[in-house]
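Below: the structure, in structure tokens.
The values are calculated or read from the model by the stated rules, or taken from the named source; none is laboratory data. Keep in mind it's a predicted model, so treat the numbers as computed, not measured. Backbone-built Cβ (ideal geometry, glycine too); neighbour counts: all protein chains shown.
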Amino acid sequence: MRVQGSMHCPCGREKILATGLCASCYTLKRQDAEYFGGLREMVLERDGYRCRVCDAPGGRKREMIVHHRVPGKSVLALMIALCPGCHAKVHRTKAVLTAWPRLLLELWREQHPTGHEQTTLDFNLKKAPAKPVPLFVEEREQVRK
Ligand SMILES: [Zn+2]
Ligand SMILES: [Zn+2]
Ligand SMILES: [Zn+2]
């Protein structure tokens, strides 16, 4: 795949590999093929280089994240452009607030099929309350009897 005559990568860098791309463009291209079925650019373009949840512009497009709605499935309809903040929410948050935007909720549910959805923060949701432990003083009194 040698590009004859060209000493520059399309991105402008001078050092190119035998592929006609510089090292970082080549890495991105390989990752695109490997993880996004070569569709990363198409997803970003379709979504206008903006986060589909909060509409934040991607600026330099490398800062946008292409999220797989079904892990490992690189199909255009199942990929979506997100900003790093919204993407982190989709993956990392363990419980959501229903006040989230609808799309964000939907994406979160896809990644957390057994997760809890909450209208208020409640940190005791998952476990039954612990058995009441007798107070130290009471225990001593019981021993004395
Ligand atoms: Zn390059
Ligand atoms: Zn966003
Ligand atoms: Zn993701």
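Can you tell me which residue in segment 50-62 is surrounded by the most Cβ atoms within 10 Å (Cβ to Cβ), limited to those that are over 18 Å from E34 (Cβ atoms) and within 16 Å of ligand 1 (Cβ to nearest atom)? Selected residue: K61.
From L21, L17, L107, L28, grab the single residue that is away from ligand 1 (no atom under 16 Å from the Cβ) and surrounded by 12 or more Cβ atoms within 10 Å (Cβ to Cβ). Steps first, please.
Numbers: L21 fails: away from ligand 1 (no atom under 16 Å from the Cβ); L17 fails: away from ligand 1 (no atom under 16 Å from the Cβ); L28 fails: away from ligand 1 (no atom under 16 Å from the Cβ).
Within the list L21, L17, L107, L28, the selection yields L107.
Taking V70 as the residue in question, decide whether it is loosely packed, with under 13 Cβ neighbours inside 10 Å, modelled with pLDDT under 65 and hydrophobic (A, V, I, L, M, F, W, C).
Values: loosely packed, with under 13 Cβ neighbours inside 10 Å: yes; modelled with pLDDT under 65: no; hydrophobic (A, V, I, L, M, F, W, C): yes.
Considered against the rule, which asks whether it is loosely packed, with under 13 Cβ neighbours inside 10 Å, modelled with pLDDT under 65 and hydrophobic (A, V, I, L, M, F, W, C), V70 comes out as no.
Considering segment 19-65, the residues that are assigned to a helix (DSSP H, G or I) and β-branched (V, I, T) include one that is nearest to R102 (Cα to Cα), namely V43.
Of everything in segment 63-116, what is among the basic types (K, R), under 13 Å from F36 (Cβ atoms) and without any contact (Cβ under 8 Å) to a residue 40 or more places away in the chain? Give them in sequence order. Steps first, answer last, please.
As a first pass, look at segment 63-116 and keep what is among the basic types (K, R): 69, 73, 89, 92, 94, 102, 109.
When the remaining residues are screened for being under 13 Å from F36 (Cβ atoms), the result is 69, 73.
Of everything in segment 63-116, just one residue is among the basic types (K, R), under 13 Å from F36 (Cβ atoms) and without any contact (Cβ under 8 Å) to a residue 40 or more places away in the chain, namely K73.
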